[in-house]
Amino acid sequence: MTDSHCHFDPFLDPRDAEQMFRIAESFGSFGTYADEATSDSLGEALPQRFDVGQNYVVRGLDGTRNADPPALSASRTNYFRETYAYGTDLTIPSIGAFMSNNALLASARHMGGSEYVVPAIVYANLLIPGQELAIHTDVPEFRGLSRLNAPQWLLVCMHHSGLFEAWRVPILTCVSWFGNADGGAFTFYPDGADAQRQSVPARHNTAVLLDTDSIFHGVERVTPVAQNLPDITRETRLHFSKGEHWLLRHGEEVRAEYTWDDLRYSISWKGYCFPDSDQHELWLSGTDDLTITDVLCRFEADLSTQGSEPLSQMTPDERATALVGHYISFPAALDASA
Ligand SMILES: [Fe+2]
């Protein structure tokens, strides 16, 4: 374990690790993450994570230059996700033991420096050969505001701004990998966006625990097989077929076929790490919750001290773009930090 992350190798009992494949298969099919990628709750007409998309389309995974046309960039990063557990709602009952894994909870308590660790969510990502995951930080939560009632880009701006730390609910994330796909290493900046980027191979039954809300991270390309990356849109789904086989389907049209050995399969666990019982109680009570109005007023006041145009005089799209541009600083190009 380092100050910034903890590596598990191995992560689970081998039989429990094998069971993770059966859980994915039991879903029947995985939809794309883009399914939940739009929001207009503040009047804006931008994707939920346009902060990540804009940076990736221009600068790619290495922060230098993305030579892919936008449609191919979208297919590369339009990976597949399903939720296994959300709070006490277990989509798959057998995921309960994973959610309260003793070694994981002990490490989270140690890293978070607190006994008040509450498992929050478990979800799975499937990436096909040729896909990768753009550099980003995850969507944080604050008392009163989460992805359930606020745009994801706004929550990310709130954390990066440092203006709302008193309301933030610290979250630790454990990313674990299952299977033998080539490539797809987890790449991250454990020492900060200005420091060296590091990579952890996505080897079967290993995992890493870290603060993905604060540490920029992504996924290196899953090694392509002979076939080209098919077009992947919001309607595309990855269907379990039989045995080891998965079908990439757009409606009834089969666009590609894969085996488990081709797919990068990760399972992410997130847990709230409250600093103490008072913070836990405050979160439960809902007596000191932020509202979006509070947040926009605070941003307006902060920007006004820096001579920026008032947010209230901008269109919703302009306001969102201004906040992302002002508060989120992506890591420098790889060759510049090496
Ligand atoms: Fe992430």
Worksheet entry | Filter result (part of a helix (DSSP H, G or I) and among the hydroxyl-bearing types (Ser, Thr, Tyr)) within the range 19-34 | Ser26, Tyr33
Worksheet item: Which one is modelled with the lowest pLDDT among residues in the range 79-98 that are under 19 Å from Pro129 (Cα atoms) and surrounded by 20 or more Cβ atoms within 10 Å (Cβ to Cβ)?
Response: Tyr79
Fill in: Qualifying strands (runs of 3 or more DSSP E) (wholly inside the range 160-241; at least 1 residues being among the polar types (S, T, N, Q) and either touching a Lys or Arg at 6+ places or on another chain (Cβ under 9 Å) or away from the ligand (no atom under 14 Å from the Cβ) (or both))
171-178, 186-188, 198-200, 206-210
Worksheet item: For Ser304, which of the numbered conditions (1) loosely packed, with under 13 Cβ neighbours inside 10 Å; (2) small (Gly, Ala, Ser); (3) closer than 30 Å to Arg109 by Cα fails to hold?
Response: (3)
Worksheet item: Among all residue pairs at least 6 apart or on different chains, which show Cβ distances below 7 Å where the first residue, located in the range 222-240, is farther than 17 Å from Gly184 by Cα and the second is at pLDDT below 90 and surrounded by 15 or more Cβ atoms within 10 Å (Cβ to Cβ)?
Response: Arg234/Ala34
Worksheet item: If you take the residues in the range 127-160 that are of a type in the set (A, V, I, L, M) and without any contact (Cβ under 8 Å) to a residue 60 or more places away in the chain, which one is farthest from Tyr258 (Cα to Cα)?
Response: Leu155
Discussion item. Between a residue in the range 98-118 that is without any contact (Cβ under 8 Å) to a residue 60 or more places away in the chain and any residue that is assigned to a helix (DSSP H, G or I), which pairs come within a Cβ distance under 9 Å, given they are 6 or more apart or on different chains?
Written reply: Glu115/Arg109; Glu115/Ser277
Worksheet item: Of all the residues that make up the range 99-115, how many are buried (at least 18 other Cβ atoms within 10 Å of the Cβ) and not in a helix (DSSP H, G or I)?
Response: 2
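The values are calculated or read from the model by the stated rules, or taken from the named source; none is laboratory data. None of the values given here were measured: they were computed from a predicted structure. Every residue, glycine among them, receives a Cβ derived from its backbone with ideal geometry; neighbour counts consider all protein chains shown.
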